[in-house]
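The values are calculated or read from the model by the stated rules, or taken from the named source; none is laboratory data. Quantities reported herein were computed from a predicted structural model and do not represent experimental measurements. Positions of Cβ are generated from backbone atoms using ideal geometry, with glycine treated the same way; all protein chains shown enter the neighbour counts. Accessible surface is based on the protein model in full, side chains and every heavy atom, while ligands, DNA and RNA are left aside. Shrake-Rupley method; radii C 1.70, N 1.55, O 1.52, S 1.80 Å.
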Amino acid sequence: MAQILAASPTCQMKLTKPSPIASSKLWSSVMLKQKKQNSSKLRGFKVMALQSDNSTINRVESLLNLDTKPFTDRIIAEYIWIGGSGIDLRSKSRTLEKPVEDPSELPKWNYDGSSTGQAPGEDSEVILYPQAIFRDPFRGGDNILVICDTYTPAGEPIPTNKRARAAEIFSNKKVNEEIPWFGIEQEYTLLQPNVNWPLGWPVGAYPGPQGPYYCGVGAEKSWGRDISDAHYKACLYAGINISGTNGEVMPGQWEFQVGPSVGIEAGDHVWCARYLLERITEQAGVVLTLDPKPIEGDWNGAGCHTNYSTKSMREEGGFDVIKKAILNLSLRHMEHISAYGEGNERRLTGKHETASIDQFSWGVANRGCSIRVGRDTEKKGKGYLEDRRPASNMDPYIVTSLLAETTLLWEPTLEAEALAAQKLSLKV
């Protein structure tokens, strides 16, 4: 699990150029074995576009791996934005005349918002504002990925642009001085194509019960490791502040951690990491879902636990600051729940390492609470808290900025604070 230890360098850094990830090498090991029910025969899933002997496919692969640098200074920038559902990602490419190192060097662009559910057909133009740059692990060289947010032609953020409001909160002097750190644990589930069933599971049936799969090793316990590892390396190449990865409790489910990241950077890095994962699963022919409860029954859901600390929490006496933050979070519980992801009520049931969606709770080392505090934080008297409520499909711009707003900018009445402190047995 992610721990908040030290701040990371910003994504708006000088872009160094490690060697690109060659597609043929990246996917040569992708063979996801699945057992058919009542059959010992293994069925291998192959990335046909790269494993075929067809000479036409091989020629396409050669073109994909072309190094254009000896022939031109022009580069490709992939502009990435969040679509109309608030969770889908869109992107398109454009040519730039020379390499760039900072988003301020990039031109604004536009797209047809009527085709993404973000604008009416009679006034469909939406403007992309470049906000963060990452190296492109798919094209290599000086080519880049550009995280953008979205505006009307008049310069107003469109309703699905949650980054603008987050940036406003993180630029607040009081918030900025507290240097908020976030460590985000993104869980996700891999599905077999066409059948909407987890990778490795017998179609229409179930594997053995949970227990051996969490951080498990072996063909009968771990399904999708190549995708997780490919994603890990792609994130490192891109400059994303990824801090780890592991197999999850439900088989076919994985997690990666981003952070510690400061302020708005956390959202930029998580969204870019999600984009890379979408592209990698696209290449592998595997379906990615961020549904918080992809399989009903006695199976863990998928969350996006968010570790959070401020400068005051990390200093001596910080545990008291943490408890005051927990008190504030309890008083705005339903406001946070309403912003923490679609379908979260199917996940936050009080079972499978979750708290009930209707009741706020906190505890030390208790993964069945809304807010968990680690033993180490309690022992040292300073550290961080973990908000275990966000769903896997949450928007990190919303969650991180709401945590900062509730704990640093919002003040409850003295009466409400006293009642909450008594209810939670908190001495603040």
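A few remarks follow.
- Antiparallel %, DSSP beta bridges [both residues in the chain], to 5: 90 percent
- Within the stretch 57-143, trypsin sites (Lys or Arg not before Pro) in DSSP loop having at most 15 other beta-carbon neighbours inside 10 Å: ARG74, LYS108
- Legend: helices of the chain (whole DSSP H runs) are marked when their alpha-carbon atoms reach 27 angstrom or more along the helix axis and their mean Kyte-Doolittle hydropathy is at least -0.5; marked are 265-284.
- Here, P(r) means the percent of Cα pairs in each 5 Å bin from 0 to the largest distance; for the stretch 303-395 it is 3, 15, 25, 24, 17, 10, 4, 1.
- Each semi-axis of the equivalent ellipsoid for the stretch 286-342 is √(5λ) with λ an eigenvalue of the Cα gyration tensor; in descending order they amount to 31, 14, 10 Å.
- Share of carbon and sulfur in the accessible heavy-atom surface of the chain [1.4 Å probe, %]: 51 percent
- When only the Cβ of Lys, Arg, Asp and Glu is charged (+1, +1, -1, -1), the dipole of the stretch 65-160 relative to its Cα centre reaches about 300 debye.
- Square roots of 5 times each gyration tensor eigenvalue, C-alpha, the stretch 65-160, largest first, Å: 27, 13, 11
- Of the two radii for the chain, the radius of gyration is 0.98 times the Kirkwood radius, both from the alpha carbons; that is the Rg over Rh value.
- Evaluated at q = 0.09, 0.15 Å⁻¹: base-10 log I(q)/I(0), Debye formula over Cα of the stretch 170-424: -0.40, -1.07
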